1. Report residue 33's accessible area, 1.4 Å probe, all protein chains in place, as a number in Å² to the nearest 10.
2. If you place +1 on the Cβ of every Lys and Arg, -1 on the Cβ of every Asp and Glu, and leave all else neutral, what size is the dipole of the chain about its Cα centre, to the nearest 20 Debye?
3. Taking the chain as a whole, which cysteines find no other cysteine Cβ under 4.7 angstrom from their Cβ?
4. Given that compact globular proteins tend to follow 2.2 N^0.38 Å, what is the ratio of the alpha-carbon Rg of segment 1-53 to that value?
5. When N counts the residues of the chain, how does its alpha-carbon radius of gyration compare numerically with 2.2 N^0.38 Å, as a ratio?
6. Might you tell me the accessible area per residue for the chain, computed with a 1.4 Å probe and given in Å²?
7. Restrict the search to segment 1-74; then list the GluC sites (Glu not before Pro) that DSSP places in a loop and that have at most 13 other Cβ atoms within 10 Å of their Cβ.
8. If I compute solvent accessible area with a 1.4 Å probe over the protein chains, what percent of it on segment 2-67 is carbon and sulfur?
Amino acid sequence: MSLIPNECVEFEEKRKICIAFEKGKMFKLNNNSNYKIKKVKIDNCIPNNGEKRCDYLMEIKSVNKVIFIELKGGDLAHALKQIYNTILYLKPE
């Protein structure tokens, strides 16, 4: 059983540009290699047990990479904690 519910997966396909957008902040992944990208909404979608988690992740299975995305205007220490909490939660997967 996956820790990521299907309803949290926004897409899993080949796209040239993959965008995560929230509250006026944006992360843009240029996919020049035409990999299949899986974009997952983490914040307010994956169970959090009271812990703050990052906003999104993008996974590129073919090269075994995951990009954890926290869109913030400041408070870098808090952003890192949210990414860390997400990694710990998803580590078994």
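The values are calculated or read from the model by the stated rules, or taken from the named source; none is laboratory data. Every value quoted in this text rests on a predicted model; they were computed, and no experiment measured them. Neighbour counts are summed over all protein chains in view; Cβ atoms, including those assigned to glycine, are modelled from backbone coordinates with ideal geometry. Note: areas computed on protein heavy atoms with side chains; ligands, DNA, RNA excluded. Shrake-Rupley method; radii C 1.70, N 1.55, O 1.52, S 1.80 Å.
1. Counting only protein heavy atoms, the figure is 70 Å².
2. Numbers: 17 positive and 12 negative charges, 73 e Å.
That gives a dipole near 360 debye.
3. Isolated Cys, the chain: 18, 54.
4. 1.29
5. On the way: Rg = 13.0 Å, N = 93, 2.2 N^0.38 = 12.3 Å.
Rg over 2.2 N^0.38 Å, computed on Cα atoms: 1.05.
6. Dividing the accessible area of the chain by its residue count gives 66 Å².
7. On the way: sites: 7, 10, 12, 13, 22, 51, 59, 70; in loops: 51, 70.
For GluC sites (Glu not before Pro) across segment 1-74 that sit outside H, G, I, E and B with at most 13 neighbouring Cβ atoms in 10 Å, the list reads 51.
8. Details: 1900 of 4210 Å².
Roughly 45 percent of what the probe reaches on segment 2-67 is carbon or sulfur.
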